[in-house]
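Asker: Below is the structure I would like to discuss, written out as structure tokens.
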Amino acid sequence: MTRVDGYGRVDRTRTLRFTFDGVSYTGHPGDTLASALLAHGVRTIARSVKQDRPRGVTAVWSEDPTGLVQVEEPFPEPMLLATTIELVDGLVASSIGGRGRLAEVPDTARYDRRYAHCETLVVGAGPAGLLAARTAARRGDRVVLVDDRPAAGGSLTGTERICGRDALDFVADTLAELRAHPDVRILLRTTAFGHYDDGFVLALERRTDHLAPAPQGLSRQRVWRIRAGHVVVATGAHERPIVVADNDRPGIMLAASARDLLHRYGVLAGRRVVVFTSDDAAYDAAADLAGAGAEVTLLDPRPVRGDSRSGDYRRSRGLVLGTGAGPDGAISHVFTDQGELPCDLLLLSGGWNPTSHLFSHVRGALRYDAELGAFRPGEALAGVTVVGAANGTFDLAGCLAEGRGETPEPLPRTNLVLWRTDGDPARQYVDLQRDSTVADIARATGAGLRSVEHVKRYTTIGTAHDQGKTSGVLASAITAELLGVPIESLGTTTFRPPYTPIAFAALAGRERGQLFDPVRTTALHAWHVARGAVFEDVGQWKRARYYPLPGEAGGTEDMDTAVLRECAAVRRDVGILDGSTLGKIEVRGPDAGAFLDMIYTNLMSSLRPGRVRYGVMCGLDGMVIDDGTVLRLDDEGFLVYTTTGGAAPILDHMEEWLQTEWPHLRVTLTSVTEQWATFPVVGPRSRDVVGALAPHVDVSAAAFPFMTWQDTEVDGVPVRLARISFSGELAWEVSVDGWHAPALWRRLIALGEPYGITPYGTETMHVLRAEKGYPIIGQDTDGTVSPQDLGMSWAVSTKKVDFIGKRSFARAENRNPLRKQLVGLLPLDPTVKLPEGSQIIEQTAELPPPPVPMLGHVTSSYRSAALGRTFALALVKGGHARIGERLTVPVGGDLVPVEVTGSVLVDPEGTRRDG
Amino acid sequence: MQLIECPYCGPREEVEFHYGGQAGVAYPADPAALTDEEWGRFVFVRANPKGRFEERWSHAAGCRRWFTAVRDTATYRFSR
Amino acid sequence: MAETLTRTGALDGWAARFAELPDSVALLAEPFHTMTSVRGETTLRPNTWVEEDGFDAVWLGPDEVLRTSPFRSAAELGGTDVSAQRTTIRLRGAHARDLLETGCAIDLHPRVFGAGSAAVTLLGQANVILLCLGENDYRILVRSSFAAYLAEWLLDAATEYRG
């Protein structure tokens, strides 16, 4: 055991049990997996990814490049840092060789997000951050204070004094004061990992991993989305090692990390310690470790000075050049410029790098400080303040002053900037996780790379989980040295979010499973479910695709059987469809007709109240974007039906033109998509059903002609009937408000029973409309298809002076007779159903060598009950002129001969429309 | 997640908005009078400057109003 | 003859699951509020709603006001009837704001979004009209087709407060 009495803040009255690499150990609440292992003298906890070298813990928090482990219990998770895993009872972990293993079972934990708004966000609850938060809270700001460690205090060890008091007491008092403010939120175990525009910071809170067992209902991790008026970056600094040969062995760590282990966890990481430093801060580590009982030798290349902290350690001017290992691979001695020194712990300290990531994320420029040997925030950034060590202010008094908003006098620098000592570059590790060395950088510069960004990608330095927290500046410096240029001319690689690795599960939050994407349902959804409908996704909608009946041999009908049955029933008797998903827009105002004349290719202003007209909308380029029917409600009102998918985009499209081009038009647009449920009642017996529903309405063809509508009441409820057909059959669209939709639907089903009414789904709707050659915008079109290509010149006004898209029709290319045009295709073998998307080529018995000229593709393909065969719709080059020709459709290895036909295959004379 | 200032609703997250491209591109008074090339330029060609850009936005998830905003295309910052 | 034409609310059938929630995040479906869209310039301040004579008026945009009432008819309110376009959910309790803050990006602090505030915005992935009635007391108007999604989302968000 290396636990030292009288040190550390772990709760030694309680014991936790855990397993690492199959061996049982104990630890205490407050430990991390790393501190507990080190307390047992376990120094090797991982193997390196490329060279399989043993690795230990080199830093005690998220900057550690080496100590990655695989957690097995409580939930399998790869590539976690042992230094950041809080110890819980029953933890099971194992060492890994640079690659982890994803869980093979679903993660059942909850993850969520939460928004927070504040005037001041302080990141880092060290001395500077605490003071900044206190200052903001006292002036009445709403404050969010986040810190990634389980306790506030930052790098304070408990040996310091603040305002004449024990520093940790000061921390506790300040926290208590902050907690007393109602509008201060303190989030510990919370890593601010990204800083974005307009004071937006993302932070990950680890809420349950330190609790065993994890409480029910609480999310395991939460992503805080914090919007702050002002962001105070008080994130401290990372100690920087000095690169020496064989600097990757277990038992080599940063000086402050060893000191933190002692004061936070009571762990003395070595008994015979060598400290190699060019900076004063490591003297504290030397003194404290010596005070705890270690035998400490400090080597410093600088002349010995009298003002650094004294202690019970030997100190001499010197350099560490390399290390040697014992049989376990851990450090056993160092080579210095004065000879060999035995040791079990080597501490390295070459100074400090301000942790300015959150400043850099928002494009804050860093400036190289030659005295520090580090990059620090180099400019003021609106809305962001960097204080304390993150700003390059490393003394406690300076940090406190900056936290209060003051500008302290900078202290004179005494450190020596030293990146590496002499040694074999192939054994001098820069990025320990990537096994990348000075020799790798030399290879990169030797290959001609001059940018640190290129060197990073060539050597992979800084690309591991730690993103080069301890290696990035070293890599820049050594690159500069090798190129013989000043480091400030190279800069650093760009800091990008996330600051630490973030699980995708946390980013997804609750948007998983049924909440992944909103599911939109119609007022009849429960009926469809009860009826056993099979649903299909149409955008976000769930639409009933077909309603399978029980099959003959148990089970249910397959789709082909069900759809053939539904199609036959509609054309023989009557069917009913839930068409409520169609977009509906009420267009109202004195200029509504003039407005729609510009929106549609055909004339709408001439439509009389009580009448219905089919219309096509194009974009400026003359290509079809939507279609549907328009009902004229009254002099100033129209009801526009869009396609299901077109509801939102067409409303936006119409608003855009209305607001930005024609604001003088007195027109308003109101979405009424869910206000009205619409049920097409379709088939030869539909007149009987609608007549029974509305006995006061004369539903004869003469009194209620095609493309007209009438309002009526059913049990006092307003119901609209419109003679519209998307199938060629006699049909009514019955509309009612959404509240009464289920009852009216059930009424229609009951009234239709004597006539064999069959509910049908979208698949049958598609077949019925395709048999009539009615295109589905977005299926038979793809944004490159004009109304003329669809054979709908009749829907394009020649009288109107202008409408959206009209000018494009006059382009020569739009009149090219070889444009792709919508036609029907009949496979010569009536049983072959062409896959939608199949390419179409000239008639051939043998596939010619590529490239084979493509004539077009199949857009819709079905089996038809009415035709007793398969058929398809297709876009074919010059298709209208090819009717009667034979073409070939390669399907898999087969060449399917097809005949081109007109697109209307059922009832081309339109005799069925009026029943 | 940027904030965009809707002139009616105030600042909202950018996901509530739809982008509408360059502002001030007027629909031609008489499209029929344009040559194919002029019409093609109107339909397809837009400015793409680095720096200050007047563009249209719609507060699609809010009040559904279109408005013109000035944004720097290099920094993404809106002029207020 | 079949049943008479009765009304069905978009969240009928959810009452039992709503009833399981603790008082700190109480959900109540308010199914049959009349709503109309009234267009034209309004004196209503942006992002607010007010109680008027027999109805509530909600600012939706510079030329659009939504009138809502649990007892008046659409004809009485005037404007385009959009009663079935949206449905209403009442959310109140000590954690009501906490719950909304798990999925609503706007600042809901009472100083910013207190009683009388209204916003057309996103909650989860659904477009909503959010009204603040008082401290930790909200009305959420959601498109009927999104109601089931939002109800599921709210119930899921309440998991933490079930105790």
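Asker: Beyond 19 Å, what percent of the Cα pairs of segment A:200-357 remain? Don't skip to the answer; put the middle values down first.
Answerer: On the way: 7587 of 12403 pairs.
Tail of the P(r) past 19 Å holds 61 percent of the pairs.
Asker: Over the Cα atoms of segment A:1-158, what Rg and Dmax result, in angstrom?
Answerer: In Å, with Rg to one decimal and Dmax whole: 18.4, 56.
Asker: Connecting C-alpha atoms closer than 10 Å in a GNM of chain C, tell me which of C:Ala26, C:Ala15, C:Ala96 has the biggest fluctuation.
Answerer: Highest fluctuation of the listed residues: C:Ala15.
Asker: Bins of 5 Å, beginning at zero and ending with the bin holding the largest distance: percent of Cα pairs per bin for segment A:16-95, please.
Answerer: 3, 17, 30, 28, 16, 4, 1, 0
Asker: How big, on average over all directions, is the shadow cast by the Cα convex hull of segment C:23-158, in nm²?
Answerer: Working: hull surface 30.3 nm².
Across all orientations, segment C:23-158 yields a mean hull projection of 7.6 nm².
Asker: Sticking with this structure for a sec: So what's segment A:412-513 giving for Rg/Rh, alpha carbon basis, Kirkwood Rh from the mean inverse pair distance? Walk me through the intermediate numbers first.
Answerer: Details: Rg = 16.3 Å, Rh = 14.9 Å.
Value, to two decimals: 1.09.
Asker: Now for a different question. Using the count of nearby Cβ atoms within 10 Å as a rough guide to exposure, how do A:Met598, A:Met79 rank from fewest to most? Please list the in-between numbers first.
Answerer: On the way: A:Met598 21, A:Met79 17.
Lowest to highest Cβ neighbour count: A:Met79, A:Met598.
Asker: State the cysteines of chain B left without a partner when partners are defined as other cysteines whose beta carbon lies under 4.7 Å away.
Answerer: B:Cys63
Asker: Just to be sure I understand: of the beta bridges DSSP finds with both ends in the protein assembly as shown, what percent are antiparallel, rounded to 5?
Answerer: Of those bridges, close to 80 percent are antiparallel.
Asker: Let me ask another. Per-residue Cβ counts within 10 Å, from other chains only, averaged over A:661-671: what number is that? Intermediate results must be reported in sequence, preceding the final value.
Answerer: Numbers: counts 3, 1, 1, 0, 0, 0, 1, 8, 3, 9, 6.
Across the residues of A:661-671, the mean count of other-chain Cβ atoms within 10 Å is 3.
Asker: Here's a follow-up. Please list the non-local residues whose amide H lies under 5 Å from the amide H of B:Cys6, H modeled 1.01 Å from N, same-chain partners needing a gap of 5 or more.
Answerer: The answer is B:Arg12.
Asker: According to a simple spin-label model (label point 7 Å from Cα along Cα-to-Cβ), what is the distance in nm between A:Arg811 and A:Ala701?
Answerer: Each label point lies 7 Å from its Cα, and together they span 4.3 nm.
Asker: If you don't mind, there's one more thing I want to ask. Between the helical axis of A:255-265 and the dominant principal axis of chain A, each derived from Cα atoms, what acute angle in degrees is found, rounded to the nearest 10?
Answerer: Once rounded, one gets 80 degrees.
Asker: Sticking with this structure for a sec: Taking 0.36 nm per intervening residue step and subtracting the Cα-Cα distance, what contour gain separates B:Arg77 from B:Glu5 on full extension?
Answerer: Details: separation 72, 0.36 × 72 = 25.92 nm, distance 1.12 nm.
Fully extending the segment from B:Arg77 to B:Glu5 adds 24.8 nm.
Asker: Between B:Glu37 and A:Asp711, what is the spin-label point distance in nm, taking each point 7 Å from the Cα along the Cα→C-beta axis?
Answerer: Simple spin-label model gives 5.6 nm for this pair.
Asker: Would you mind ranking A:Leu867, A:Leu607 so that the residue whose beta carbon has the fewest other beta carbons within 10 Å leads the list?
Answerer: Details: A:Leu867 14, A:Leu607 19.
So the residues, fewest neighbours to most, are A:Leu867, A:Leu607.
Asker: I'd like the Karplus ³J(HN,Hα) series for segment A:467-480: coefficients 6.51, -1.76, 1.60, θ = phi - 60°, whole numbers in Hz, and an x wherever there's a Gly or Pro.
Answerer: 6, x, 4, 9, 10, x, 5, 4, 4, 4, 5, 6, 4, 4
Asker: Follow-up question, since we're still on this one. Using the alpha carbon gyration tensor of the protein assembly as shown, what are the three equivalent-ellipsoid semi-axes (square root of 5 times each eigenvalue), largest first, in whole Å?
Answerer: On the way: eigenvalues 903, 232, 176 Å².
Three semi-axes, in Å: 67, 34, 30.
Asker: Please tell me the relative contact order of chain A in percent, rounded to the nearest whole number, where contacts are Cα pairs under 8 Å and at least six residues apart.
Answerer: Averaging sequence separation for qualifying contacts and normalising by length gives 9 percent for chain A.
Asker: Round to the nearest 0.05 the FRET efficiency obtained for A:Arg869 and A:Ser793 when R0 = 22 Å and r is the Cβ-Cβ distance.
Answerer: In this case the efficiency is close to 0.15.
Asker: Tell me, what does the Kirkwood hydrodynamic radius of segment A:816-915 come to in angstroms if you use every pair of distinct C-alpha atoms? Walk me through the intermediate numbers first.
Answerer: Numbers: mean 1/r = 0.0721 Å⁻¹.
Mean inverse Cα-Cα distance, inverted, gives 13.9 Å.
Asker: Can you give the Kirkwood hydrodynamic radius of segment B:3-79 from its Cα pairs, in Å with one decimal? Could you put the intermediate results ahead of the total?
Answerer: Values: mean 1/r = 0.0722 Å⁻¹.
Taking every pair of different Cα atoms in segment B:3-79, averaging 1/r and inverting gives 13.9 Å.
Asker: Go ahead and estimate [θ] at 222 nm for the protein assembly as shown from helices alone: -39,500 (n - 2.57) per DSSP H run with n ≥ 4, summed, over the residue count, rounded to 500. Walk me through the numbers before you get to the answer.
Answerer: Details: 24 runs with 208 residues, N = 1158.
Helices in the protein assembly as shown give a 222 nm mean residue ellipticity of -5000 deg cm²/dmol.
Asker: Could you check which residue among B:Trp66, B:Trp57, B:Trp39 shows the biggest mean-square fluctuation in a GNM of chain B with a 10 Å Cα cutoff?
Answerer: Highest fluctuation among the options: B:Trp39.
Asker: If amide H atoms are built 1.01 Å from N in the plane of the peptide, which residues on other chains or at least 5 residues away come under 5 Å of the amide H of A:Leu345?
Answerer: Those lying under 5 Å, H to H, from A:Leu345 are A:Arg272, A:Val274.
Asker: Between B:His18 and A:Lys800, how high is the FRET efficiency from 1/(1 + (r/R0)^6) when r is the Cβ-Cβ distance and R₀ = 25 Å? Nearest 0.05.
Answerer: Numbers: r = 28 Å, r/R0 = 1.13.
Between B:His18 and A:Lys800 the formula returns 0.30.
Asker: Exactly which GluC sites (Glu not before Pro) in segment A:76-162 are in a DSSP loop and have at most 12 other Cβ atoms within 10 Å?
Answerer: Details: sites: A:Glu86, A:Glu104, A:Glu119, A:Glu160; in loops: A:Glu104, A:Glu160.
Hits after loop and neighbour filter: A:Glu104.
Asker: Please give the length that would be gained between A:Arg886 and A:Glu846 if that part of the chain were fully extended, namely 0.36 nm times their separation in residues minus their C-alpha to C-alpha distance (nm, one decimal). Before the final figure, lay out the partial values.
Answerer: Details: separation 40, 0.36 × 40 = 14.40 nm, distance 1.44 nm.
13.0 nm is the gain from fully extending A:Arg886 to A:Glu846.
Asker: Using Cα centres only, tell me the gap between segment A:440-499 and segment B:1-78 in whole Å.
Answerer: Between the Cα centres of segment A:440-499 and segment B:1-78 lies a distance of 40 Å.
Asker: Determine the gain in length on full extension of the stretch A:Val529-A:Ala426; use 0.36 nm per residue of separation and subtract their C-alpha separation, reporting nm with one decimal.
Answerer: On the way: separation 103, 0.36 × 103 = 37.08 nm, distance 6.78 nm.
Gain on extension, A:Val529 to A:Ala426, equals 30.3 nm.
Asker: Among the trypsin sites (Lys or Arg not before Pro) in segment A:783-826, which ones are in a DSSP loop with at most 11 other Cβ atoms within 10 Å of the Cβ? Mind listing them?
Answerer: Answer in residue order: A:Lys799.
Asker: Rounded to the nearest 0.05, what FRET efficiency do A:Leu188 and A:Leu102 have when you use their Cβ-Cβ distance and R0 = 35 Å?
Answerer: Details: r = 28 Å, r/R0 = 0.81.
E(calc), rounded to 0.05, equals 0.75.
Asker: In addition: So what J values fall out for segment A:834-847 if you push phi through Karplus, 6.51 cos²θ - 1.76 cosθ + 1.60 with θ = phi - 60°, rounded to Hz, Gly and Pro as x?
Answerer: 3J(HN,Hα) across segment A:834-847, in whole Hz: 6, x, 4, x, 4, 7, 10, 10, 4, 4, 7, 9, 9, 5.
Asker: OK, next. Non-local amide H neighbours of A:Leu16 (under 5 Å, H modeled in plane, Pro and chain starts lacking H): which ones?
Answerer: The list, which skips near neighbours in sequence, is A:Gly27, A:His28.
Asker: Ok, one more. Which of the GluC sites (Glu not before Pro) across segment A:528-631 are loop residues per DSSP, with 14 or fewer other Cβ within 10 Å? If you can, show how the numbers build up before the last one.
Answerer: Details: sites: A:Glu536, A:Glu552, A:Glu557, A:Glu566, A:Glu586; in loops: A:Glu552, A:Glu557.
Listed in order of number, the matching sites are A:Glu552.
Asker: Pick from B:Phe67, B:Phe42, B:Phe53 the residue whose mean-square fluctuation is largest in a GNM of chain B, springs joining Cα atoms under 10 Å.
Answerer: B:Phe42
Asker: Same structure, new question: Taking θ as phi - 60°, what are the ³J(HN,Hα) couplings along segment A:11-21 by the Karplus curve (6.51, -1.76, 1.60), each to the nearest whole Hz, with x for Gly and Pro?
Answerer: 8, 6, 7, 10, 10, 10, 10, 8, 10, 10, 6
Asker: Then there's this: Helix A:281-291 against the longest principal axis of chain A: what's the angle in degrees, Cα atoms only, rounded to the nearest 10?
Answerer: 60
Where a number appears in this text, it was derived from the coordinates with a stated rule and is not lab data. This structure is a prediction, so every number in the text was calculated from the model and none was measured. Backbone-built Cβ (ideal geometry, glycine too); neighbour counts: all protein chains shown.
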